[in-house]
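Undergrad: This structure is in structure tokens; I'll ask about it shortly.
Every number in this text was worked out from the coordinates using simple rules, so none of it is lab data. Given the structure is predicted, the values throughout are model-derived calculations rather than measurements.
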Amino acid sequence: MKKLLFSLVFLAQPALTAEEALTECRQIEDIVERVACYDKIVDSLFPMDSSDNVETITSPESPKSSAVPDAQSLFGASDAEANRIIEESLDIEQIDQIVAVVTDAQQSATKKLTVTLDNGQIWRQLDNQSLRLKSGEIVIIRKASLGSFFMEKESGSRRIRVKRAN
């Protein structure tokens with residue numbers, strides 16, 4: 001491509017080859033003028049059809065894509081990466097904790113809790129720690145390391161490791 005570009009004649013100034021024209025452009029100190037010079041060379045070597053004369057303007061302040069990702073674009077991405085893409089594309093604020101009211105707390109035969117919250121979320125206990133919960137109590141669920149979560153009473157210091165069930 002370089003050889004083709006350099007071997008073509010610069011049409012705006014027929015006496016100069018493309019290589020000489022590029023060398024002249026390189027000597028221009030003002031960046032705007034230099035880019036304009038390079039643009040003239042490219043335009044003369046590769047003239048645009050009238051159908052190609054469409055400007056595409058992108059907003060530099062918004063690097064995020066406004067399109068909602070589809071299943072194919074998320075296929076193969078890790079769960080964390082897929083969540084990040086979805087959160088960014090939908091402009092969802094990321095939070096580190098939620099505060100909710102317990103509507104139901106059931107203990108299994110293995111003494112692990114299943115907690116239903118007023119926001120409709122259901123959380124299941126993963127560890128063997130003890131935490132007594134009853135309906136109407138306020139709990140805080142915080143993000144922990146490696147994608148895990150802790151649940152604790154608003155009024156206490158004990159916590160259990162939990163996983164979202166729904």
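Undergrad: Note down, for the range 97-164, the three equivalent ellipsoid semi-axes (square root of 5 times each alpha carbon gyration tensor eigenvalue), biggest first, whole angstrom.
TA: That gives 15, 15, 12 Å for the three semi-axes.
Undergrad: Which whole-Hz ³J(HN,Hα) couplings does the range 69-74 yield from phi under the Karplus relation 6.51 cos²θ - 1.76 cosθ + 1.60, θ = phi - 60°, glycine and proline marked x?
TA: Karplus values, whole Hz, x for Gly and Pro: x, 9, 4, 5, 6, 8.
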